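Structure first, commentary second.
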Amino acid sequence: MSDARAVSTTLSYVLSLGIATVLITGLIVAGGSYIDSQREQVIRDELTVTGQQIASDIEWADRLVRAGDSAVTVRTNRSFSNSVTGAPYRVTLDDDNETVVLRTTDPDVTVRIGLAVETPLAESSILGGDLQVRYTGSELEVRDV
């Protein structure tokens, strides 16, 4: 009888360890995907705020261009973070859709902010960080400072 009790205790211990391992692994996997989705949402929110500030600068420059004469010079500089939640991003002006597009690649998040401008936009693209909105004499562009 003593041999049967030793096997029962060992088997019970191994089963308990196996169940605990499966439960902990499940929690880690579920928690990891939850953290990834939360990070994407934070990146999307940060890109939206940054994009709205850039759009505001572009619309302000557009109003100055329309209010001035043909030889007007407009430049506005603004400093932004080089990354959002640790992910570098790219700012692109899309003249066809009159939007500012902000995009990260890891994770893949894209935010589009509409513009209300009458001045044509140059198809320009820069990495996030310090940028300048500039009137070239015929169109507005974004570029590195």
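Within the accessible surface of the range 86-145, defined with a 1.4 Å probe on protein heavy atoms only, the carbon and sulfur portion equals 40 percent. Thr105 contributes about 120 Å² of solvent-accessible surface, heavy atoms of the protein only, 1.4 Å probe. Applying the Karplus relation 6.51 cos²θ - 1.76 cosθ + 1.60 with θ = phi - 60° to the range 44-49 yields 3J(HN,Hα) values of 4, 5, 5, 5, 5, 5 Hz, where x marks Gly and Pro.
In the context of the full set of protein chains, residues of the chain present 62 Å² of accessible surface per residue (probe radius 1.4 Å, heavy atoms only).
For Gly128, the amide hydrogen comes within under 5 Å of the amide hydrogens of Tyr89, Arg90, Val91, counting only partners 5 or more places away or on other chains and with H modelled in the peptide plane. Split the accessible area of the range 10-70 by element, probe 1.4 Å, and carbon with sulfur accounts for 65%. A simple rule links phi to the HN-Hα coupling: the Karplus curve 6.51 cos²θ - 1.76 cosθ + 1.60 with θ = phi - 60°, which for the range 11-28 gives 4, 4, 5, 5, 4, 4, 5, x, 5, 4, 5, 5, 5, 5, 4, x, 5, 5 Hz, with x for Gly and Pro.
Amide H to amide H distances under 5 Å link Leu140 with Leu121, Ala122, where only residues 5 or more positions off or on other chains count and H is placed in the peptide plane.
Rounded to the nearest Hz, the phi-derived 3J(HN,Hα) couplings of the range 119-136 under the Karplus curve 6.51 cos²θ - 1.76 cosθ + 1.60 (θ = phi - 60°) are 6, x, 9, 7, 6, 10, 8, 9, 6, x, x, 6, 9, 10, 9, 9, 9, 8, where x marks glycine and proline. Counting only DSSP beta bridges with both residues in the range 18-145, the antiparallel share comes to about 95 percent. Computed on protein heavy atoms with a 1.4 Å probe, the accessible areas place Ile24, Ile43 in the order Ile24, Ile43, largest first.
The values are calculated or read from the model by the stated rules, or taken from the named source; none is laboratory data. Note that the coordinates shown come from a computational prediction; the quantities given were computed from them, not determined experimentally. Keep in mind that these areas ignore ligands, DNA and RNA; they rest on the heavy atoms of the full protein, side chains included. Shrake-Rupley method; radii C 1.70, N 1.55, O 1.52, S 1.80 Å.
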